[in-house]
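The values are calculated or read from the model by the stated rules, or taken from the named source; none is laboratory data. Note that the structure is predicted; figures quoted are calculated from it, not measured. Cβ sites come from the backbone with ideal geometry, for glycine too, and all protein chains shown count toward neighbours. Note: areas computed on protein heavy atoms with side chains; ligands, DNA, RNA excluded. Shrake-Rupley method; radii C 1.70, N 1.55, O 1.52, S 1.80 Å.
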Amino acid sequence: EEWDVDNILFQEFPEREQLLQYFPQGYHMCDKQGRPIYIQYLGGINIHKILSFTDEETIVKLFIQEYEKFQHYKLPACSEAQGKLIETSLNIMDVSGISLKILTKESQRIMKKVTGFTQDNYPEMMGNTVIINAPYIFKVIF
(Lines give C-alpha, C1' and ligand atoms only; values in the text may rest on other atoms or scores of the structure.)
Protein backbone atom coordinates (compact mmCIF):
# COMPACT_ATOMS: atom_id res chain seq x y z
CA GLU A 1 0.00 0.00 0.00
CA GLU A 2 2.90 2.36 0.64
CA TRP A 3 3.59 2.64 -3.10
CA ASP A 4 -0.04 2.29 -4.32
CA VAL A 5 0.98 -0.47 -6.72
CA ASP A 6 -2.64 -1.37 -7.53
CA ASN A 7 -3.18 2.03 -9.17
CA ILE A 8 0.32 2.86 -10.35
CA LEU A 9 -0.22 1.75 -13.96
CA PHE A 10 -2.71 4.56 -14.43
CA GLN A 11 -0.78 7.34 -12.72
CA GLU A 12 0.68 10.14 -14.81
CA PHE A 13 4.26 11.15 -14.11
CA PRO A 14 5.06 14.36 -16.01
CA GLU A 15 8.74 14.00 -15.04
CA ARG A 16 9.09 10.61 -16.78
CA GLU A 17 10.58 11.90 -20.04
CA GLN A 18 12.94 14.23 -18.22
CA LEU A 19 14.03 11.37 -15.94
CA LEU A 20 14.94 9.29 -18.98
CA GLN A 21 17.26 12.07 -20.18
CA TYR A 22 19.32 11.76 -17.01
CA PHE A 23 18.84 8.04 -16.39
CA PRO A 24 18.86 6.53 -19.89
CA GLN A 25 17.12 3.17 -20.05
CA GLY A 26 14.47 1.28 -21.95
CA TYR A 27 13.45 -1.82 -23.85
CA HIS A 28 14.80 -2.65 -27.28
CA MET A 29 13.56 -5.63 -29.24
CA CYS A 30 13.77 -9.24 -27.99
CA ASP A 31 16.55 -11.79 -27.69
CA LYS A 32 16.61 -15.17 -29.47
CA GLN A 33 14.55 -16.70 -26.66
CA GLY A 34 11.84 -14.08 -27.15
CA ARG A 35 12.60 -12.17 -23.94
CA PRO A 36 12.42 -8.38 -24.02
CA ILE A 37 15.84 -6.74 -23.83
CA TYR A 38 16.10 -4.03 -21.17
CA ILE A 39 19.10 -1.69 -21.43
CA GLN A 40 20.36 0.72 -18.78
CA TYR A 41 23.17 3.17 -19.49
CA LEU A 42 24.55 3.61 -15.98
CA GLY A 43 27.30 5.98 -17.12
CA GLY A 44 24.61 8.42 -18.21
CA ILE A 45 23.00 8.81 -14.79
CA ASN A 46 23.01 12.31 -13.38
CA ILE A 47 21.38 12.05 -9.96
CA HIS A 48 21.86 15.74 -9.16
CA LYS A 49 19.88 16.77 -12.25
CA ILE A 50 17.18 14.20 -11.49
CA LEU A 51 16.78 15.44 -7.93
CA SER A 52 16.49 19.01 -9.23
CA PHE A 53 13.07 18.22 -10.76
CA THR A 54 11.73 15.29 -8.74
CA ASP A 55 12.11 13.45 -5.44
CA GLU A 56 13.19 9.96 -4.38
CA GLU A 57 9.62 8.74 -3.88
CA THR A 58 8.65 9.65 -7.44
CA ILE A 59 11.77 7.97 -8.83
CA VAL A 60 10.89 4.74 -7.02
CA LYS A 61 7.25 4.98 -8.18
CA LEU A 62 8.41 5.42 -11.78
CA PHE A 63 10.49 2.25 -11.54
CA ILE A 64 7.56 0.38 -9.99
CA GLN A 65 5.34 1.58 -12.81
CA GLU A 66 7.88 0.31 -15.34
CA TYR A 67 7.90 -3.13 -13.71
CA GLU A 68 4.10 -3.20 -13.69
CA LYS A 69 4.01 -2.26 -17.40
CA PHE A 70 6.58 -4.97 -18.05
CA GLN A 71 4.49 -7.55 -16.18
CA HIS A 72 1.09 -6.56 -17.59
CA TYR A 73 1.97 -5.51 -21.16
CA LYS A 74 5.45 -6.48 -22.36
CA LEU A 75 5.58 -10.07 -21.12
CA PRO A 76 2.11 -10.96 -22.48
CA ALA A 77 2.95 -9.35 -25.84
CA CYS A 78 6.24 -11.26 -26.06
CA SER A 79 4.49 -14.49 -25.04
CA GLU A 80 1.87 -14.03 -27.75
CA ALA A 81 4.52 -13.22 -30.38
CA GLN A 82 6.59 -16.29 -29.45
CA GLY A 83 3.65 -18.65 -28.94
CA LYS A 84 5.06 -19.63 -25.55
CA LEU A 85 5.19 -18.21 -22.05
CA ILE A 86 7.86 -15.53 -21.62
CA GLU A 87 8.40 -14.63 -17.95
CA THR A 88 11.77 -12.85 -17.81
CA SER A 89 13.88 -10.28 -19.60
CA LEU A 90 17.48 -9.99 -20.67
CA ASN A 91 19.00 -7.02 -18.84
CA ILE A 92 22.00 -5.21 -20.27
CA MET A 93 23.85 -2.78 -18.04
CA ASP A 94 26.19 -0.53 -19.98
CA VAL A 95 28.66 0.85 -17.45
CA SER A 96 30.79 2.84 -19.90
CA GLY A 97 31.44 6.29 -18.56
CA ILE A 98 30.59 5.31 -15.01
CA SER A 99 32.66 7.08 -12.41
CA LEU A 100 32.87 7.39 -8.67
CA LYS A 101 31.08 10.75 -8.84
CA ILE A 102 27.91 8.85 -9.81
CA LEU A 103 28.13 6.78 -6.64
CA THR A 104 26.93 9.50 -4.27
CA LYS A 105 25.06 8.75 -1.06
CA GLU A 106 21.86 9.94 -2.73
CA SER A 107 22.25 7.69 -5.75
CA GLN A 108 23.16 4.71 -3.55
CA ARG A 109 20.10 5.30 -1.35
CA ILE A 110 17.76 5.57 -4.35
CA MET A 111 19.20 2.51 -6.08
CA LYS A 112 18.97 0.55 -2.83
CA LYS A 113 15.26 1.42 -2.59
CA VAL A 114 14.60 0.50 -6.21
CA THR A 115 16.57 -2.75 -6.18
CA GLY A 116 15.17 -3.71 -2.78
CA PHE A 117 11.61 -3.24 -4.02
CA THR A 118 12.22 -5.13 -7.25
CA GLN A 119 14.01 -8.01 -5.52
CA ASP A 120 11.24 -8.26 -2.94
CA ASN A 121 8.34 -7.99 -5.39
CA TYR A 122 9.53 -9.07 -8.85
CA PRO A 123 12.39 -11.57 -8.33
CA GLU A 124 11.00 -14.10 -10.78
CA MET A 125 11.11 -11.59 -13.66
CA MET A 126 14.73 -10.50 -13.33
CA GLY A 127 16.13 -12.92 -15.92
CA ASN A 128 19.79 -12.69 -16.95
CA THR A 129 21.94 -9.60 -16.56
CA VAL A 130 24.90 -8.80 -18.79
CA ILE A 131 27.32 -6.03 -17.87
CA ILE A 132 29.07 -4.43 -20.84
CA ASN A 133 31.81 -1.83 -21.30
CA ALA A 134 33.07 -2.25 -17.76
CA PRO A 135 36.07 -0.04 -17.00
CA TYR A 136 38.95 -1.46 -15.03
CA ILE A 137 37.83 0.19 -11.77
CA PHE A 138 34.46 -1.55 -12.08
CA LYS A 139 36.18 -4.92 -12.34
CA VAL A 140 38.29 -4.14 -9.26
CA ILE A 141 35.26 -3.12 -7.18
CA PHE A 142 33.21 -6.18 -8.15
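Can LEU75 be described as open to solvent by less than 20 Å² (accessible area, probe 1.4 Å), out of contact with any Gly (no Cβ under 9 Å at 6 or more places or on another chain) and over 21 Å from GLU17 (Cα atoms)? Answer is yes for this residue. Scoring TYR27 on the criteria (1) part of a helix (DSSP H, G or I); (2) touching a strand residue (DSSP E or B) at 6+ places or on another chain (Cβ under 8 Å); (3) among the aromatic types (Phe, Trp, Tyr) leaves a single failure, condition (1). Identify, from the list ILE131, ILE47, the residue that is among the aliphatic types (A, V, I, L, M) and in contact with a strand residue (DSSP E or B) (Cβ under 7 Å, 6 or more places away or on another chain). Exactly one of ILE131, ILE47 is among the aliphatic types (A, V, I, L, M) and in contact with a strand residue (DSSP E or B) (Cβ under 7 Å, 6 or more places away or on another chain), namely ILE131. Answer yes or no: is there a residue in segment 124-137 that is of a type in the set (Ser, Thr, Tyr), open to solvent by 60 Å² or more (accessible area, probe 1.4 Å) and at pLDDT 85 or above. Scanning segment 124-137 turns up at least one residue that is of a type in the set (Ser, Thr, Tyr), open to solvent by 60 Å² or more (accessible area, probe 1.4 Å) and at pLDDT 85 or above. Taking the residues in segment 82-122 that are outside any loop (DSSP other than H, G, I, E, B) and of a type in the set (D, E, K, R) as candidates, determine which candidate is least open to solvent (accessible area, probe 1.4 Å). Step by step, filter segment 82-122, then rank; the result is ASP94. For the residues GLN33, GLN65, the requirement of being more than 22 Å from ASP120 (Cα to Cα) and either in a helix (DSSP H, G or I) or out of contact with any Gly (no Cβ under 8 Å at 6 or more places or on another chain) (or both) singles out GLN33.
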